[in-house]
1. Is there a residue in region 128-142 that is in contact with a helix residue (DSSP H, G or I) (Cβ under 7 Å, 6 or more places away or on another chain), closer than 14 Å to residue 46 by Cα and surrounded by 14 or more Cβ atoms within 10 Å (Cβ to Cβ)?
2. Answer yes or no as to whether residue 166 is closer than 27 Å to residue 69 by Cβ and either in contact (Cβ under 8 Å) with a residue 12 or more places away in the chain or in a helix (DSSP H, G or I) (or both).
3. When region 148-159 is examined, which residues are found to be more than 13 Å from residue 120 (Cβ to Cβ) and either in contact with a strand residue (DSSP E or B) (Cβ under 8 Å, 6 or more places away or on another chain) or assigned to a helix (DSSP H, G or I) (or both)?
4. Being crowded, with 21+ Cβ neighbours inside 10 Å and not in a helix (DSSP H, G or I), is that true of even one residue in region 13-28?
5. Answer yes or no: is there a residue in region 69-91 that is more than 18 Å from residue 35 (Cβ to Cβ) and within 15 Å of the chain's Cα centre (by Cα).
6. So is residue 178 surrounded by 14 or more Cβ atoms within 10 Å (Cβ to Cβ) and within 30 Å of residue 77 (Cβ to Cβ) or not?
7. Taking residue 12 as meeting all but one of (1) over 19 Å from residue 146 (Cα atoms); (2) modelled with pLDDT under 95, write down the number of the exception.
8. Any idea how many residues of region 125-147 are touching a residue at least 60 places away in the same chain (Cβ under 8 Å) and assigned to a loop (DSSP other than H, G, I, E, B)?
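The values are calculated or read from the model by the stated rules, or taken from the named source; none is laboratory data. No experiment lies behind these values; they were computed from the predicted model shown. Using ideal geometry, Cβ is built from the backbone for each residue, glycine included, and neighbour counts are taken over all protein chains shown.
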């Protein structure tokens, strides 16, 4: 089922997600709905907060993005990132490694807004999968960027919080308009 994507201005985007203690049928349904929603919106990642849920859950799928390649290592060995997709991260822990790199980002909760954001070029990730099993990997490229962006959402951090001051000032009018529209829509419900 396609869920409404939470827009900037909704307080749920600033809430830290609760840990998931067991993977229930409700969590399985939420994961399926999040993938449907992400694909419909043509995104590469979606966090639970972006569909109004305050949980430590995100879904990612970077397949098909050839102009921004991803790298993946499992147990220290290079692996095919596409064959690792789609990816479910429950209760993820991310450790940045390597140099910080500036790169373009957008966000489904900020329609048509984009900015260069500085993030770690690679990350070490541990999480539970959709079966509640622990796993770990190292990611680079777009996959590393997507993981960091989505895990930020799980902690109430938005990509605008990572922008430099000049970029933020350039988007201020658009951000204020989106925030006001979101609040007005919530008040009208």
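1. no
2. Details: closer than 27 Å to residue 69 by Cβ: no; either in contact (Cβ under 8 Å) with a residue 12 or more places away in the chain or in a helix (DSSP H, G or I) (or both): yes.
No; evaluated as a whole, the condition is false for this residue.
3. 150, 153, 154, 155, 156, 158, 159
4. Checked region 13-28: at least one residue is crowded, with 21+ Cβ neighbours inside 10 Å and not in a helix (DSSP H, G or I).
5. Checked region 69-91: at least one residue is more than 18 Å from residue 35 (Cβ to Cβ) and within 15 Å of the chain's Cα centre (by Cα).
6. Working: surrounded by 14 or more Cβ atoms within 10 Å (Cβ to Cβ): yes; within 30 Å of residue 77 (Cβ to Cβ): no.
In short, no.
7. Single failed check for residue 12: (2).
8. 3
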